[in-house]
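Okay, structure first, notes after.
What follows draws every value from the coordinates through simple rules; no lab data is involved. As the structure is a computational prediction, the values presented were derived from the model and not from experiment. Virtual Cβ from ideal backbone geometry, glycine too; neighbours counted across all protein chains shown.
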Amino acid sequence: MQIFNNWDVIAKGWYIACASGTLSIAQAKSVQVCGQQLVVFRGEDGQVRALDAYCPHLGTDLGIGHVDGTWIRCVFHQWAFDASGECQHIPCQAEIPAAAKVQAYKTEEKYGFIWVYPDIEAPEGVAEFEELQGMAIVSQSDTAFERRCHHHICMMNGIDAQHLKTIHHLDIQMQLSLNQSASGTQMDFTMQGNLPQTTWQERLGQRLLGSTYEYSMLYANGCMGLLTMMKNVRLFPPLHMIFAYTPIAPGRTRIQPIYVTQKRQGSWGWLVSQFLLICTRLAYYRLRDEDGRIYDNIQFDPKNLLSIDAPLAHYRNYVNRLEPSRWSQAVKTATPDRSHIETRK
Ligand code: FES
Ligand SMILES: [Fe+2]
């Protein structure tokens, strides 16, 4: 089955349901993720759970129900469901029908968001940066926006070596190295090259940063891109940011940018972390809008891939080997939920 650029298939992976701060203790809400209506709720123990939204009794949206301990209770006839989706209590009778259950999903809170995996268990957690593993981190989200193309297409921007020069005017000859995780769910592209010395700004940059430049893009489940800029340069630690992609409806993808850095101790450490988050944001802003009109109008149809386009071919093969999830085709019939989206002009 072709997964790449196929709106009918949602690959297994972690997708954003909502920001962590928008779901307080004992609160429930109905959200649409990849075209699937879910209830996410935070139990009185602080843990977040996610289930299919519609009650298996008469179909009421559980998102308008209320949290009862670690259960969600339907507002209509008060059936209560636990984290595994099993009905645990029906007020009007003791016996619980075998079919009184809904699909449950694995959740994780990370980078300031609630993420949902389209199955009850996930083989891996939400992806992390190798350089930050085991460290306390601080993250900042930016405004989510839409692109009018499949996320598999706009994700390729990070590894399109030709366009660095033609669109972003970065004249760097890049050498590619790539590495796929044993599970096949992650692929890491690292690009390295010599910094140019044509203009005075480039020469100054080389004095400060050193002669080589390196960046990497780690793709997770074909729906998250973890970008690390300024790798192995002098003076600066690496800058990290995440692009989290969610298909909304055919032809429409939501992109959530998140800036990430190590959490440093003390007020000086706090200042350094904030400074690096701002640097990451500014580097991203410089690149972002230059690509937008291309991806909003593309009819992706690769007829002539050059050797410099090899990363794109590797990426497409990697995506096609991912696993389809139970949410496949749900996106086809989705009514777009625009509650937390801003369309970029
Ligand atoms: S519709 Fe949910 S309990 Fe009846
Ligand atoms: Fe770009």
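Results, tabulated for the structure shown:
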quantity: For q = 0.23 Å⁻¹, Debye-computed log10 I/I(0) when each Cα of the range 105-217 counts as one equal scatterer; calculated: -1.37
quantity: Against the rule of thumb 2.2 N^0.38 Å, how large the Cα Rg of the chain comes out; calculated: 1.09
quantity: For the range 145-160, Karplus couplings with θ = phi - 60° (6.51, -1.76, 1.60), whole Hz, Gly/Pro x; calculated: 9, 10, 10, 9, 7, 5, 5, 4, 7, 5, 5, 5, 3, x, 10, 8
quantity: Lys, Arg +1 and Asp, Glu -1 on Cβ, resulting dipole of the range 130-333 about Cα centre, debye, nearest 20; calculated: 300
quantity: Whichever aspartates and glutamates have a C-alpha closer than 16 Å to that of LYS165, once near sequence neighbours (fewer than 8 apart) are set aside; calculated: GLU202, GLU214, ASP289, GLU290, ASP291, ASP309
quantity: Neighbour-limited loop hits for chymotrypsin sites (Phe, Trp or Tyr not before Pro), the range 275-332 (at most 15 other Cβ within 10 Å; DSSP other than H, G, I, E, B); calculated: PHE300
quantity: For the range 29-38, Karplus couplings with θ = phi - 60° (6.51, -1.76, 1.60), whole Hz, Gly/Pro x; calculated: 8, 9, 10, 9, 10, 6, x, 9, 7, 10
quantity: Peptides 201-211, 89-99, 59-69, 31-41 ordered by average Cβ neighbours within 10 Å, highest first; calculated: 31-41, 59-69, 201-211, 89-99
quantity: Dipole of the range 178-268 [Lys/Arg +1, Asp/Glu -1 at C-beta], most positive-end residue of THR190, GLN265, LEU239; calculated: GLN265
quantity: Crossing angle, helix 266-295 versus the chain [Cα axis fit, 0-90 degrees, rounded to tens]; calculated: 90
quantity: Bins of 5 Å from zero: percent of alpha-carbon pairs in the range 173-286; calculated: 2, 10, 15, 19, 19, 16, 11, 6, 2, 0
quantity: ³J(HN,Hα), Karplus 6.51/-1.76/1.60, whole Hz, each residue of the range 194-200, x for Gly, Pro; calculated: 8, 5, x, 10, 6, 9, 5
quantity: Span per principal axis, largest first, for the Cα atoms of the range 15-117 (Å); calculated: 43, 27, 19
quantity: Of LYS231/LYS263; LYS106/LYS263; LYS110/LYS263; LYS29/LYS106, pairs whose Cα-Cα distance is over 23 Å; calculated: LYS106/LYS263
quantity: Under 5 Å, built H, 5+ apart or other chain: amide partners of ALA144; calculated: GLU342
quantity: Volume in Å³ per residue [convex hull over Cα atoms, computed for the range 130-333]; calculated: 143
quantity: Simple Cβ-charge dipole of the range 15-117, Lys/Arg +1 and Asp/Glu -1, about Cα centre, in debye nearest 20; calculated: 220
